[in-house]
Amino acid sequence: MKRIFPALLLIAALLFPFFFRDYWLYVAIIGLYYAILASSWSMLAGQVGLISFAHAAFAGIGAYTSALLVIHGGLSIPLAMVAGALAAAVVGLGIGALTLRMRGPYLALTTLAFSEILRIFITAEYQLTQGSIGLKVPLILDGNKLVCYYTGLALFVLTLVVLTFLIHSRVGLFLVAMREDEDGAATRGVDTVAYRLVAFVVTSAFAGLAGGYYAHVVGLVSPQMVRMGEMGLILAMSVFGGLESLLGAALGAIFLQTLTEYLRIFAEWRLAIFGALVLFTLKFAPEGILPRAYLYAERFMDRWLSREPR
Amino acid sequence: MMLTVDQVTKNFGGLQALSGVSVSFPRGEFVGLIGPNGSGKTTLLNCITGLYRPDAGAVRLGEENISHLPPHRIYRRGIGRTFQISKVFNRLTVLDNLRIPALTEGRLKRHEVNDRSREILEQIKLEHHGRTNAENLSGGQKKLLELGMIMMTDPRFLLLDEPFGGVHPELKSQLEEYLCQLNREGKTIVLVSHEMPSVFKICQRLVVLDHGVLVTEGSPEAVRSDERVINAYLGGNYDEA
């Protein structure tokens, strides 16, 4: 089931533009942005046990870096997006080097403060960023939705492939060991600070990449991108879909993004509805919706296969 | 190469957990580290293995001061330890638990790591549990797994914190024999245990701590009859003895 489902999902995603155009295709394009953010954040929180509140901020760094390099540096959009990812990785390296030696809530507190500082910086540096009005950004192939969608899908698949490879590698084994027992891992030779830093930098880079993608498919970046509400949305998506499942978190992102469209009439009350959804998930399916769905599907298959023939 | 603890002091707020403790562990010796609850035995192991940094004094491996090194570097210098409450990785399989210490060194190839894991599994009598998640093992089996984990990289020093806790009596005698065998092969073993019959049976030298102070050290026979040790265990004041 766990092998078939992702393959079916990929086929459905590839065929999606043949059935849905314009509005829903645009919703899917934004959904893919959140899917990259949610899956990379779930890698950090679910696999490593690090709670960062700067994931939206790293997306903002990627978005502004990419936008400014295209506007002022004349760089091509793909190269600028890569530069945005690198910029987010470098900032992630700096924050991680400062905080990941410490234990407890320091990373969460530092990233919270960093996000707010970045938002204020973007708002205040009007000449560079156009402040709260937002910066107009060139679009991928003049905003061709089909190209934007498949670019997002390719980036999303790349994110999942790289992070899955990381989880199943030697590094992934160490990360799980550290999450299970940090002292136990350290006294068996695992350099806990170094591997935490690797996970933090890699996930920050993917957030930056997602930010660059967002900038060039929406055509406008603003400080709204890095506000705490956005971070809360990413957190809700990851928890809802499955904190320890990259694909689950991504599906959570796409589901909540779609739900957002249906709940537009509730305006800001949407966030309260999301909050309630997260609470219900934590209460009734703490591992997330997708892992729970796998469990039910496997039970159903077991029962079905073990039926007595009539 | 000798492991030396030199005048190590460790405080937690107003509590002095270790007070100027000096003790040496020469190569190939089997040392028992004993003392009542709260005497500082585990704190001393934490200072040696880098989980705590001493407030004063030094831990030396040969001539090198290793007090400032992080735990993973100390492990890679050949000092392995187990914990009073087993620190195995519950959601990983027994085989993955064993593979982790070997993979951190990076000098063994994947098939060598797998071969070594199977060899250790047999030594610790868990050969039928390789694919079992560690959370499904009994308390005693987890103790054995911990010992197996540190044995993966063949360390020179084994610091064992209550390795007999929760182990079935039959398994305990096997474990005693296994430790003696490792010692005969040249491993230096520091054993922290409240299982006095085992300690007196297998250790060559005993070091006694009480209230963070080294009370005495010597052969099991000498320590058994030392009045300061009796007082420490029964609650007397050894200064008056």
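Return yes or no: is A:I71 out of contact with any Gly (no Cβ under 9 Å at 6 or more places or on another chain), over 19 Å from A:F200 (Cα atoms) and touching a residue at least 24 places away in the same chain (Cβ under 8 Å)?
Working: out of contact with any Gly (no Cβ under 9 Å at 6 or more places or on another chain): yes; over 19 Å from A:F200 (Cα atoms): yes; touching a residue at least 24 places away in the same chain (Cβ under 8 Å): yes.
Yes, satisfied.
Kindly indicate which of B:E146, B:E185, B:E170, B:E176 is in contact (Cβ under 8 Å) with a residue 12 or more places away in the chain and surrounded by fewer than 21 Cβ atoms within 10 Å (Cβ to Cβ).
Numbers: B:E146 fails: surrounded by fewer than 21 Cβ atoms within 10 Å (Cβ to Cβ); B:E185 fails: in contact (Cβ under 8 Å) with a residue 12 or more places away in the chain; B:E170 fails: in contact (Cβ under 8 Å) with a residue 12 or more places away in the chain.
Answer to the check: B:E176.
If you take the residues in the range B:3-25 that are in contact with a strand residue (DSSP E or B) (Cβ under 7 Å, 6 or more places away or on another chain) and exposed (fewer than 14 other Cβ atoms within 10 Å of the Cβ), which one is farthest from B:Q204 (Cα to Cα)?
B:Q7
So, restricting to strands (runs of 3 or more DSSP E) that lie completely within the range B:1-95, which ones have at least 2 residues that are more than 24 Å from B:I124 (Cβ to Cβ)? Please lay out each step first, then the result.
Working: elements: B:3-12, B:15-25, B:30-34, B:56-61, B:79-81.
Per the criteria, B:3-12, B:15-25, B:56-61.
Every residue, every condition in (1) more than 22 Å from B:G186 (Cβ to Cβ); (2) buried (at least 16 other Cβ atoms within 10 Å of the Cβ); (3) aliphatic (A, V, I, L, M); (4) out of contact with any strand residue (DSSP E or B) (no Cβ under 9 Å at 6 or more places or on another chain), yes or no:
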{"site": "B:L44", "(1), (2), (3), (4)": "yes, yes, yes, no"}
{"site": "B:R73", "(1), (2), (3), (4)": "yes, no, no, yes"}
{"site": "B:N97", "(1), (2), (3), (4)": "yes, yes, no, yes"}
{"site": "B:V113", "(1), (2), (3), (4)": "yes, yes, yes, yes"}
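Residues of the range A:151-181 being in contact (Cβ under 8 Å) with a residue 12 or more places away in the chain and not hydrophobic (A, V, I, L, M, F, W, C), which ones?
A:T151, A:G152, A:T159, A:T164, A:G172, A:R179
Test B:V199 against the criterion of being within 18 Å of B:L144 (Cα to Cα) and either in a loop (DSSP other than H, G, I, E, B) or modelled with pLDDT of 85 or more (or both), and give yes or no.
Judged against the criteria, B:V199 is a match.
Mind listing just one residue for me: the one in the range A:175-185 that is over 15 Å from B:R76 (Cα atoms) and buried (at least 21 other Cβ atoms within 10 Å of the Cβ) and, of those, farthest from the other protein chains (Cβ to nearest Cβ)?
Checked the range A:175-185; the qualifying residue farthest from the other protein chains (Cβ to nearest Cβ) is A:L175.
From the list B:L108, B:L126, B:L121, B:L103, exactly one residue is more than 24 Å from B:Q174 (Cα to Cα) and away from chain A (no Cβ under 11 Å). Which is it?
B:L108
If I go through the range A:53-86 residue by residue, how many of them are of a type outside the set (S, T, Y) and either surrounded by 24 or more Cβ atoms within 10 Å (Cβ to Cβ) or not in a helix (DSSP H, G or I) (or both)?
18
Please work out which residue is surrounded by the most Cβ atoms within 10 Å (Cβ to Cβ), limiting yourself to the range A:186-241 and to residues that are in contact (Cβ under 8 Å) with a residue 12 or more places away in the chain and among the charged types (D, E, K, R).
A:R196
Among the residues that make up the range A:182-204, is at least one of them in contact with a helix residue (DSSP H, G or I) (Cβ under 7 Å, 6 or more places away or on another chain), farther than 27 Å from B:F89 by Cβ, modelled with pLDDT of 95 or more and of a type in the set (V, I, T)?
no
Does the range B:77-89 contain at least one residue that is more than 21 Å from A:T192 (Cα to Cα), more than 9 Å from chain A (Cβ to nearest Cβ) and in contact with a helix residue (DSSP H, G or I) (Cβ under 8 Å, 6 or more places away or on another chain)?
Yes, because at least one residue in the range B:77-89 is more than 21 Å from A:T192 (Cα to Cα), more than 9 Å from chain A (Cβ to nearest Cβ) and in contact with a helix residue (DSSP H, G or I) (Cβ under 8 Å, 6 or more places away or on another chain).
Which ones in the range B:1-54 are within 17 Å of B:T216 (Cα to Cα) and aromatic (F, W, Y)?
Within the range B:1-54, B:F25, B:F30 qualify.
Return the residues of the range B:115-131 that are loosely packed, with under 15 Cβ neighbours inside 10 Å and at pLDDT below 90; say none if nothing qualifies.
Residue satisfying the conditions is B:E127 alone.
Hey, can you tell me all the residues within the range A:271-281 that are free of Cβ contacts under 8 Å to residues at least 24 places away in the same chain and aromatic (F, W, Y)? Talk me through it step by step, then tell me what you get.
Taking the range A:271-281 as the starting set, the residues that turn out to be free of Cβ contacts under 8 Å to residues at least 24 places away in the same chain are A:272-273, A:276, A:279-280.
Correct list: A:F280 only.
Mind listing just one residue for me: the one in the range B:159-184 that is of a type in the set (D, E) and in a helix (DSSP H, G or I) and, of those, farthest from the chain's Cα centre (by Cα)? Break it down into steps so the answer makes sense when it comes.
Taking the range B:159-184 and keeping what is of a type in the set (D, E), we get B:161-162, B:170, B:176-177.
The next check asks that each one be in a helix (DSSP H, G or I); those that pass are B:170, B:176-177.
On the way: B:E170: 21, B:E176: 14, B:E177: 16 Å.
Step by step, filter the range B:159-184, then rank; the result is B:E170.
Among the listed residues A:G152, A:G172, A:G96, identify the single one that is of a type in the set (G, A, S), within 14 Å of chain B (Cβ to nearest Cβ) and under 21 Å from the mean Cα position of the chain (by Cα).
A:G172
Across the range A:282-310, what is the total count of residues that are without any contact (Cβ under 8 Å) to a residue 60 or more places away in the chain, more than 19 Å from the chain's Cα centre (by Cα) and in a helix (DSSP H, G or I)?
13
Within the range B:29-52, work out how many residues are free of Cβ contacts under 8 Å to residues at least 60 places away in the same chain and closer than 15 Å to B:T4 by Cα.
Here the count works out to 3.
What number of residues within the range B:105-125 satisfy the criterion of being free of Cβ contacts under 8 Å to residues at least 40 places away in the same chain, of a type outside the set (D, E) and assigned to a helix (DSSP H, G or I)?
9
Going through the range B:40-90 one residue at a time, which ones are of a type in the set (G, A, S) and under 17 Å from B:S193 (Cα atoms)? Working first, answer last.
Going residue by residue through the range B:40-90, those that are of a type in the set (G, A, S) are B:40, B:50, B:56-58, B:62, B:67, B:78, B:80, B:86.
Within the range B:40-90, B:G40, B:G80, B:S86 qualify.
Can you tell me which of A:A35, A:A12, A:A7 is part of a helix (DSSP H, G or I) and in contact (Cβ under 8 Å) with a residue 40 or more places away in the chain?
One residue alone meets the criteria, A:A35.
When the range A:246-271 is examined, which residues are found to be buried (at least 24 other Cβ atoms within 10 Å of the Cβ) and not in a helix (DSSP H, G or I)?
The answer is none; no residue qualifies.
The values are calculated or read from the model by the stated rules, or taken from the named source; none is laboratory data. It should be emphasised that the depicted structure is a prediction, and the values quoted were computed from it without experimental measurement. Backbone-built Cβ (ideal geometry, glycine too); neighbour counts: all protein chains shown.
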